[in-house]
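Worksheet: the structure to be examined is printed underneath.
Only the coordinates and a few stated rules stand behind these numbers; no lab work does. Computed from a prediction, not measured in an experiment: that's the story for all the values here. Here Cβ is always computed from backbone atoms with ideal geometry, including for glycine, and neighbour counts include all displayed protein chains.
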Amino acid sequence: MIKYTKKNLSILMFLFIIQGTELVAQTNLQINSENLQELIEFSKATYTDEIMLVHGNEVICNWRNSDCDSIYYNTASMVKSWTGLVIGILIDKGLIDSEDDLVCSYIPEWKDGCKNQVTIKNLLTMSSGMNRRRGAEGILAVDSINQYVINLELDTLPNIRFGYSNESTQLLGIIIEKVSGKSANEVFQEVLFEPLGMDSTRLYRLSSGQDAVFGGAITTVNDAVNIGLIMLNGGKHNNQQIVSEGWVDKSITPSRMASFYGYLWWLDNNSEDKNYAATGDGGKLTIVFPELNLVFIRRQSCNLDISGNMPWMGPDYIKMIADVIKN
């Protein structure tokens with residue numbers, strides 16, 4: 001977790017300028033103040049409640065909406081990317097042999113998955129053949145989510161096309177619990193949240209006692225930024241290897257069915273500044289710009305009814321973020 005200490009403040013020669021709820025760090029990095037102000041003004045106009053920009057390990061901007069009191073927010077589907085990392089960590093630890101393993105080896109109760117030889121990689125790349133169920137037919141409408149997904153049938157054969165699905169991701173949660181003998185939240189805490197100092201983060205637990213790994217985790221910007229930073233740093237945090245660099249590379253490599261998707265990470269290799277992202281409905285964003293050594297976090301928690309599906313999200317927004325450190 002990034003912390004402001006007397007030692008690192010002196011080393012980095014931070015000079016903090018407080019302007020309302022805007023915190024900008026003046027460092028040796030050349031920050032384009034006009035472009036930063038444009039990003040902040042755009043954030044205000046699009047009902048953003050907080051943004052953070054981190055270059056390397058330096059927080060160069062942390063702006064908050066003073067009208068939004070809570071620092072906590074629901075990640076929505078942003079947590080899917082975290083689930084991919086936990087699968088990688090369990091493979092690193094030998095609890096899962098490989099992402100090429102059949103899901104049936106871990107969840108024999110999922111009859112249709114066994115019949116069609118769905119692999120863990122299929123679940124990671126959204127190529128299992130299971131479509132997203134919506135409304136009363138979807139996972140968001142049920143409480144016993146694990147039993148629900150085990151009983152689902154595929155819509156197509158695996159490896160036919162990309163098909164984004166909450167339901168297929170939840171199957172990864174069952175695998176995590178089966179190989180560990182613990183709840184998904186306990187595993188996330190032990191192998192990801194605690195090593196990263198994410199002490200304000202937990203998975204969403206339904207009244208059934210089952211943990212959701214496809215969406216809904218509770219976190220803060222200060223916690224969530226650490227996920228972006230370990231991706232940027234090849235799986236390391238404070239010189240500790242949290243997840244293997246090889247898994248990070250696989251996570252951001254285009255999958256066979258979709259050039260824009262890796263292992264539960266969205267990929268943008270078409271923009272001038274290539275990036276990859278963990279995203280959630282309502283404008284929950286973690287965007288990593290590897291060539292710029294930059295991580296961007298966006299929180300929206302107080303104005304959820306008016307965010308829609310992020311109509312502002314696109315190349316212009318990506319460029320606006322990247323241009324903060326360009327002159």
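Numbers below:
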| read-out | value |
| --- | --- |
| Inter-part distance where the stretch 144-207 and the stretch 70-112 are each reduced to a Cα centre, Å | 6 Å |
| Net charge over other residues, Cβ less than 11 angstrom from the Cβ of TYR73 (K, R count +1; D, E count -1) | 0 |
| Helix-only mean residue ellipticity at 222 nm for the chain, each DSSP H run of n ≥ 4 adding -39500 (n - 2.57), per residue, nearest 500 | -8500 deg cm²/dmol |
| Net charge of Cβ neighbours under 12 Å - reference ARG202; Lys, Arg +1; Asp, Glu -1 | -4 |
| For GLU272, GLU50, order by how many other beta-carbon atoms lie within 10 Å, fewest first | GLU272, GLU50 |
| Contour excess over end-to-end distance, with Cα ends at ARG205 and SER66 and 0.36 nm allotted per residue | 47.1 nm |
| Under 17 Å from the Cα of LYS80 - lysines, other chains or at least 8 residues apart | LYS121, LYS250, LYS284 |
| Fewest-first sequence of VAL295, VAL103 by Cβ atoms within 10 Å of each Cβ | VAL103, VAL295 |
| Cβ-based net charge around ILE297, under 12 Å, with every Lys or Arg adding one and every Asp or Glu removing one | +1 |
| Degrees, to the nearest 10: 33-45 long Cα axis against longest axis of the chain | 50 degrees |
| Protection proxy ranking of 225-236, 65-76 - average other beta-carbon atoms within 10 Å, highest first | 225-236, 65-76 |
| Residue order, fewest to most surrounding Cβ atoms within 10 angstrom, among THR279, THR83 | THR279, THR83 |
| Global form of the stretch 115-259, assessed from the alpha-carbon gyration tensor, a/c cut-off 1.5 | oblate |
| Cysteines without a disulfide-compatible neighbour (Cβ-Cβ under 4.7 Å), the chain | CYS61 |
